[in-house]
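A.B. asks: Handing you this structure, nothing more for now.
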Amino acid sequence: MVRPYLPLNAFRAFEASARHLSFTKAAIELNVTQAAVSHQVNSLEEQLGLKLFRRLPRGLMITTEAETLLPVLRDSFDRMADVLEQLRGGHIREVLTVGAVGTFAVGWLLPRLSAFRSRYPFIDLRLSTNNNRVDLAAEGLDFAIRFGSGAWHATEATRLCEAPLSALCNSNLAEQLREPGDLLDKTLLRSYRADEWKTWFEAAGVTPGGQMPTSIVFDTSLAMMEAIKQGIGVGLAPPMMFERDLAAGFIAQPFQITISMGSYWLTRLHSRAITSAMAAFATWLAEEAADQDKAALNSTVTPVAAGFV
């Protein structure tokens, strides 16, 4: 089948005119004369055998037929622009879409991204964050970095690293703590899992008498960390994800006792074909995570079911 000739210049003139509803403004954008734009649109109308605009004394009015053509044309121009961007500089650029639980993204991934960009300058990484609830298919993600046990339906999961939880607070509160039992008099901050502090106290050898202390529940440890900095209470969070805050003295880890709630995993749908960008990212991430795992913690770790971090 012979495809009809596509007058790209005329389509561009039409699209710009439709966006501005003016031949004059379209001509300024395209850096041509108003007469050239008008001629291109007239020629397109003749080739298509329909009217694209109604000429008014003060501008243009788009016709019903043109309204049908315009979104398809805009999408085509956008797709061509994307492909040309991928080919910019003589190299094929690949887009990589990754979703990551917020704590991991801020505390672990972002400090290392410059190294990834230096190593793979032709991969355009698009990163979104979540609170550990993600739908790979619906969100169109190549990968999702999640926290848990590694078991997700129709998903391949590669373990990255463990992130044990420990009690964290600001420096003022830390000065008031001498032993783990002192936390029973403080406001405790936690995720939606009610057993996190109970498990930590058991690991610390503390038996709370009666009910557990007052607690505030957060859906993300990033928000909880802000509450910790403000002195609202003592939170359970992974120290390895907040090393910069610890080093700067914004927060403190009064006790070295930790509990393990799971690991971080790189996940993808089984049905998702692996691209070269995905393979490069997975290899780089595995190397970085291996280096992280070498820094073993010296505290006693008690494995339990997954919560959020």
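Read-outs throughout are calculated quantities, based only on the coordinates presented, and are distinct from any laboratory measurement. Keep in mind that this is a model prediction, so the values were computed, not measured. Counting neighbours? That spans all protein chains shown, and the Cβs are built from the backbone with ideal geometry, glycine included.
A.B. asks: Which aspartates and glutamates, on any chain, are close to residue 51 with Cα under 13 Å apart, when same-chain ones fewer than 8 places away are left out?
C.D. replies: Candidates past the 8-residue exclusion: 65, 67.
A.B. asks: A follow-up question, please. Expressed as a whole percent, how much of the Cα-Cα distance distribution for the range 87-178 exceeds 23 Å?
C.D. replies: Working: 1734 of 4186 pairs.
Considering the range 87-178, 41 percent of its Cα-Cα pairs are separated by more than 23 Å.
A.B. asks: Quote to one decimal, in nm, the extra length available between residue 175 and residue 219 on full extension: 0.36 nm per residue of separation minus the C-alpha distance between them.
C.D. replies: Numbers: separation 44, 0.36 × 44 = 15.84 nm, distance 2.77 nm.
Fully extending the segment from residue 175 to residue 219 adds 13.1 nm.
A.B. asks: I'd like the orientation of helix 64-86 relative to the chain: the angle between its Cα long axis and the longest Cα principal axis, in ° from 0 to 90, rounded to 10.
C.D. replies: Approximately 60 degrees, to the nearest ten.
A.B. asks: Something else now. Please give the residues of the range 15-57, grouped as numeric ranges, whose backbone N is less than 17 Å from a label point set 7 Å along the Cα-to-Cβ vector of residue 65.
C.D. replies: Backbone N within reach: 15, 18, 39-56.
A.B. asks: Hey, if you put +1 on the Cβ of every Lys and Arg and -1 on every Asp and Glu Cβ in the range 8-86, which of 42, 57, 8 ends up farthest toward the positive end of that dipole?
C.D. replies: The residue sitting most towards the positive pole is 57.
A.B. asks: Could you check the spin-label model distance between residue 290 and residue 185? Points 7 Å from the Cα along Cα→Cβ, value in nm.
C.D. replies: Rounded to a tenth, the inter-label distance reads 5.0 nm.
A.B. asks: Summing Lys, Arg as +1 and Asp, Glu as -1, what charge do residues with Cβ under 13 Å from the Cβ of residue 139 carry, residue 139 excluded?
C.D. replies: +3
A.B. asks: Based only on Cα atoms, what Rg/Rh ratio does the range 29-109 have, Rh being taken as Kirkwood's radius?
C.D. replies: That ratio is 1.23, to two decimals.
A.B. asks: Quick query: amide H of residue 215 versus all other amide H atoms, modeled in the peptide plane; which residues come in under 5 Å with a sequence gap of 5 or more or a different chain?
C.D. replies: Answer set, sorted by chain and number: 188.
A.B. asks: OK, next. Hey, what does the equivalent ellipsoid look like for the chain, semi-axes from the Cα gyration tensor as sqrt of 5 times each eigenvalue, largest first, whole Å?
C.D. replies: For the chain, the semi-axes come out at 57, 22, 17 Å.
A.B. asks: Sum up the charges of everything whose Cβ sits under 14 Å from the Cβ of residue 129, counting Lys and Arg as +1 and Asp and Glu as -1, but leave residue 129 out.
C.D. replies: On the way: positive: 126, 133, 146; negative: 139, 219.
Net charge around residue 129: +1.
A.B. asks: Right, something else. Given labels modelled 7 Å from the Cα in the Cβ direction, how far is it in nm from residue 73 to residue 28?
C.D. replies: Calculated label separation equals 2.0 nm.
A.B. asks: OK, next. Go through 165-173, 148-156 and give me the packing order, highest mean Cβ count within 10 Å leading.
C.D. replies: Taking the mean over residues of other Cβ atoms within 10 Å, the ranking is 165-173, 148-156.
A.B. asks: If you line up the Cα atoms of the range 1-149 on their principal axes, what length do they span on each, largest first, in Å?
C.D. replies: That gives 65, 39, 34 Å along the principal axes, largest extent first.
A.B. asks: Dipole magnitude of the chain about its Cα centre, charges +1 at Lys/Arg Cβ and -1 at Asp/Glu Cβ only, in debye to the nearest 20?
C.D. replies: Computed about the Cα centre, the dipole is about 920 debye.
A.B. asks: Let me ask you something else. Given H placed 1.01 Å from N in the peptide plane, which residues other than close sequence neighbours of residue 63 have an amide H under 5 Å from its amide H?
C.D. replies: Result for residue 63 returns 53, 54.
A.B. asks: Within 11 Å, Cβ to Cβ, of residue 235, how many net charges do the neighbouring residues add up to if Lys/Arg are +1 and Asp/Glu are -1? Intermediate results must be reported in sequence, preceding the final value.
C.D. replies: Working: positive: 186, 190, 229; negative: 196, 226.
Around residue 235, the surrounding residues sum to +1.
A.B. asks: Which angle from 0 to 90°, rounded to the nearest 10, does the C-alpha axis of helix 34-48 make with the longest principal axis of the chain?
C.D. replies: On a 0 to 90 degree scale, this one is about 90.
A.B. asks: Given only helices, namely DSSP H runs of n ≥ 4 each adding -39500 (n - 2.57), what is the per-residue ellipticity at 222 nm of the chain, to the nearest 500 deg cm²/dmol?
C.D. replies: Result for the chain, helices only: -11000 deg cm²/dmol.
A.B. asks: Once a ≥ b ≥ c are taken as the square roots of the eigenvalues of the Cα gyration tensor of the range 6-60, is the result rounded (a/c under 1.5), prolate (a/b larger than b/c) or oblate (a/b not larger than b/c)?
C.D. replies: oblate
A.B. asks: Let me ask something else about it. Using only the alpha-carbon atoms, how far is helix 276-293 inclined from the longest principal axis of the chain? Give it as 0 to 90 degrees, nearest 10.
C.D. replies: 20 degrees
A.B. asks: Could you size up the charge dipole of the range 139-265 around its Cα centre, putting +1 on the beta carbon of Lys and Arg and -1 on that of Asp and Glu, and report it in debye to the nearest 20?
C.D. replies: Here the range 139-265 has a charge dipole of around 120 debye.
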